[in-house]
Amino acid sequence: MRFFLVALISIFFSTCAYPQSGGFPSRPTFGKVNVTVPATASLLTLRESDGGANAKSWSVNTSTTQLSLSLDTDAGVNTTFPLIFTRSGTTATQIDLAATALKVNTIDVTPSQGTFSLTLSTGCTTTPSVTATYQKVGQMVTMHIPFVTCTSNSSQFQFSGIPAAIRPSTATGAVAMANCLDNTTNANNCSIRVNTSGTADMLFNDQSASWTTSGTKALDKSAIFTYLQF
């Protein structure tokens, strides 16, 4: 027994790093340690005893094809999984991130997407609406507007209804588009400008008030365009 205790103490002291002042270390540093948890669903939980309510525990969970980081309640329930790795053999097939904000080298790359009702509010005898879609990554927005047509009664051609979350801080430059109609004729030099107010002007020859005030006016085919919010 004495030999066993001496051997155990020797191993412990040989793997711990001591402070220069000497004495027993409060936080020993170990060399390389291999830990294997032989279970069908392994779990490693780190608990900070002085953390706030439901903010003490983090867990690393594994299954056959996934390794995940979870945020746990005080009762030990895995409630949120901000990071999940999925594998197929030795190939990482997918990484899932879930957070209210994502940054890479301090640059915001938080993704979002959605739909909204976009109304052709100025320039026509009626005010037709279409369902527009968008995808947003950080401050870069890509929008899709489907086909829309009307009978013109104004030299303007303006949409309204762009949500505040995807409006630019300054009016965007004209984004080139095609397949517009002006008085039933193809308007090849057609573009769009997204405004800070949530409106979007369809431009003809780079002008917002140059459309014919009669005949058919249209975004003749759906349009996809990208702009920055700053």
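The values are calculated or read from the model by the stated rules, or taken from the named source; none is laboratory data. As the structure is a prediction and not an experimental result, all values here were calculated from the model. With ideal geometry, Cβ positions are generated from the backbone for all residues, glycine too; neighbour counts draw on all protein chains shown.
Observations on the structure shown:
- Given (1) assigned by TED's automatic domain parsing to the domain that holds residue 218; (2) modelled with pLDDT of 95 or more, number of the condition residue 93 does not satisfy: (1)
- Residue 152 vs. criteria touching a Lys or Arg at 6+ places or on another chain (Cβ under 7 Å) and assigned by TED's automatic domain parsing to the domain that holds residue 217: yes
- Residue 176 meets the conditions (1) over 21 Å from residue 131 (Cβ atoms); (2) of a type in the set (Gly, Ala, Ser); (3) in a loop (DSSP other than H, G, I, E, B) in every case but one. The failed one is (3).
- Residue check for residue 100: under 28 Å from residue 82 (Cβ atoms) and at pLDDT below 95: yes
- Residues that are in a strand (DSSP E or B) and on the phi > 0 side of the Ramachandran plot, drawn from the range 187-230: none
- Which listed residue is touching a residue at least 12 places away in the same chain (Cβ under 8 Å), loosely packed, with under 11 Cβ neighbours inside 10 Å and part of a strand (DSSP E or B), from 84, 95: 95
- Any hit, the range 123-142, residues being farther than 19 Å from residue 222 by Cβ, touching a Gly at 6+ places or on another chain (Cβ under 7 Å) and part of a loop (DSSP other than H, G, I, E, B): no
- Members of the range 211-230 found to be among the hydroxyl-bearing types (Ser, Thr, Tyr) and more than 24 Å from residue 131 (Cβ to Cβ), listed by number: 212, 213, 214
- Test: residue in the range 55-71 that is surrounded by 11 or more Cβ atoms within 10 Å (Cβ to Cβ), basic (Lys, Arg) and either in a strand (DSSP E or B) or in the same structural domain as residue 142 (by TED's automatic domain parsing) (or both): no
- Evaluation of residue 190 against (1) more than 17 Å from residue 151 (Cα to Cα); (2) surrounded by fewer than 21 Cβ atoms within 10 Å (Cβ to Cβ); (3) more than 27 Å from the chain's Cα centre (by Cα); (4) not basic (Lys, Arg) (one fails), failing number: (2)
- Taken over the range 103-122, the residue count meeting the criterion of being in a loop (DSSP other than H, G, I, E, B) and of a type outside the set (A, V, I, L, M) is 3.
- Only one of 136, 103 that is touching a helix residue (DSSP H, G or I) at 6+ places or on another chain (Cβ under 9 Å), charged (D, E, K, R) and more than 30 Å from residue 184 (Cβ to Cβ): 136
- Qualifying residue in the range 202-216 (condition: of a type outside the set (A, V, I, L, M) and closer than 14 Å to residue 145 by Cβ): no
- Only residues that are within 17 Å of residue 110 (Cβ to Cβ) and either in a strand (DSSP E or B) or in contact (Cβ under 8 Å) with a residue 40 or more places away in the chain (or both) were counted across the range 144-167, and they come to 4.
- Condition check for residue 137: in contact (Cβ under 8 Å) with a residue 40 or more places away in the chain and in the same structural domain as residue 220 (by TED's automatic domain parsing): no
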